Amino acid sequence: MLLRSTSPRSFRPAFGFTLLLLSLALAHPALTRADESLFGYSYGQDTQPKGQGEYAVWATERWDKQLGSYNATDLLLEYEYGLSDRLSASVYLQVLRLTSRDAWPLNTEGEEVYPSDINLTKVASIKGALKYNFLSVYEHPVGISFVWEIYYTGWYPKVDGAKTEQLSFEPKLIVQKNFLDDTLVWVYNLGVESEWRRFPEDDAYENEFSITNSTGLSYRFAPNWFGGVEARHHQDILNGEWNHHDFFAGPTLHYGAKKWNFTLSYLRQLYGNPSWSGYDVDPVLYPDNRFHLEEDTKNELRLKVGTNF
């Protein structure tokens, strides 16, 4: 057995898709108005005002598992509506586009655990959320909000897109602090997620519990422009046993005009453990390293555009 090589050309189609969305946002500002989402992964504490709605598109590119080639596009369509000045409701529809070749190692028996060649496009999941603003950062020293998210998926978008029935519930705490007349913004999110998963092909079940901490700091360096950094740490407990953890960090850029805005964030996995947690691999051919690559990739790029009405 030989280590499978990585093809640098494999990222180009996915990256081009994200650049296309960004170009459309800049070329047609009348179609893309959004709220002040300064970060790609960390939530701010604001809710939609009563009676106001928002359409948004999230495009996330995930690539590089160190072996072979792996490119995934998560396209998330969002509609959010303000039920009151403190409470808003959201619904989401996710579409998955996945192409990969030889992206996972063989097990110790020389067998494939995941398909070696994947090329699919699926409507992957639906999600609903409620967000309540307990304390406004503009009226109190610190802003505090809570989000309750529940979603169902019929596929496994995080890994290989296999047929899966999954129900997830995630409450999330949001803390925000503004400095320097609201030109410097810091946020912190704590999410605790429970997942119930069934694989219809062999009628296998999994229960997963995960904790995600994320934070971001963004500064308004020019009129309408914010730039900053954000970081995310995630750890999983699968069927009652610790499974893996990973840490991502990177820059974020936000532009907000009167009628539209966009947010672009790039996260790089800085460390994770173990590399392959779900099955045994040959430690000589596939040595463990400082990344977790079974469920995650080395790189993520996310763009959000939207329109308010």
- Rg/Rh of the chain (Cα atoms, Kirkwood Rh), to two decimals, equals 0.97
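Could you list, in their original order, any pairs among K122/K258; K163/K304; K158/K258 whose Cα atoms are separated by more than 31 Å?
Values: K122/K258 35 Å; K163/K304 28 Å; K158/K258 36 Å.
Long pairs (Cα-Cα over 31 Å): K122/K258; K158/K258.
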- Item | Cβ-based net charge around E230, under 12 Å, with every Lys or Arg adding one and every Asp or Glu removing one | +2
- At 10 °C in a medium of viscosity 1.306 mPa s, segment 109-243 has a Stokes-Einstein diffusion coefficient, with Rh taken as the Kirkwood radius over alpha carbon pairs, in µm² per second, of 89 µm²/s
- Per-residue HN-Hα couplings for segment 177-186 [Karplus 6.51, -1.76, 1.60; θ = phi - 60°; Hz; x = Gly/Pro]: 9, 9, 10, 6, 6, 6, 8, 10, 10, 10
- Query: Cβ under 9 Å from T215's Cβ, T215 left aside: what net charge do those residues give with Lys, Arg +1 and Asp, Glu -1?
  - Reply: 0
- Mind checking the angle between helix 12-27 and the chain's longest principal axis? C-alpha axes, 0 to 90 degrees, to the nearest 10. 10 degrees
- Under Karplus coefficients 6.51, -1.76 and 1.60, residue-wise ³J(HN,Hα) of segment 81-95 in Hz, glycine/proline x: 9, x, 6, 8, 6, 10, 10, 10, 10, 9, 10, 9, 10, 10, 10
- Item | Under the Karplus curve 6.51 cos²θ - 1.76 cosθ + 1.60, θ = phi - 60°, whole-Hz ³J(HN,Hα) for segment 220-235, x wherever Gly or Pro sits | 7, 8, 7, x, 6, 10, 10, x, x, 9, 9, 9, 9, 10, 9, 9
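With the other protein chains left in place, how much accessible area per residue, in square angstrom, belongs to segment 111-243 at a 1.4 angstrom probe? Walk me through the numbers on the way to the answer.
Working: 6970 Å² over 133 residues.
On a per-residue basis, segment 111-243 sits at 52 Å².
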- Enumerate the amide H contacts of T47 below 5 Å, restricted to partners 5 or more residues apart or on another chain; note that Pro and chain-start residues carry no placed amide H. none
- Determine the share of segment 233-309's accessible area contributed by carbon and sulfur atoms, expressed in whole percent, with a 1.4 angstrom probe. 57 percent
- Message: In the chain, once you exclude exposed GluC sites (Glu not before Pro) (DSSP loop, at most 16 other Cβ within 10 angstrom), what's the longest stretch remaining?
- Response: 202-309
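Counting other Cβ atoms within 10 Å, keep those with at most 12, restrict to DSSP loop, and tell me which chymotrypsin sites (Phe, Trp or Tyr not before Pro) in segment 66-156 are left. Please report the intermediate quantities before stating the final value.
Values: sites: Y70, Y79, Y81, Y92, Y132, F134, Y138, F146, W148, Y151, Y152, W155; in loops: Y138.
Filter output for segment 66-156: Y138.
Less than 11 Å Cβ to Cβ from P115, Lys/Arg counted +1 and Asp/Glu -1: what total charge do the surrounding residues give?
On the way: positive: R101; negative: D102, E112, D117, D160.
Neighbourhood net charge equals -3.
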- Item | When the convex hull of its Cα atoms is projected in every direction, mean area for segment 189-307 (nm²) | 10.0 nm²
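The values are calculated or read from the model by the stated rules, or taken from the named source; none is laboratory data. Model, not experiment: these values are computed from the prediction. Neighbour counts run over all protein chains shown; Cβ positions are idealised from the backbone, glycine included. All accessible areas refer to the heavy atoms of the entire protein, side chains included, with ligands and DNA or RNA removed. Shrake-Rupley method; radii C 1.70, N 1.55, O 1.52, S 1.80 Å.
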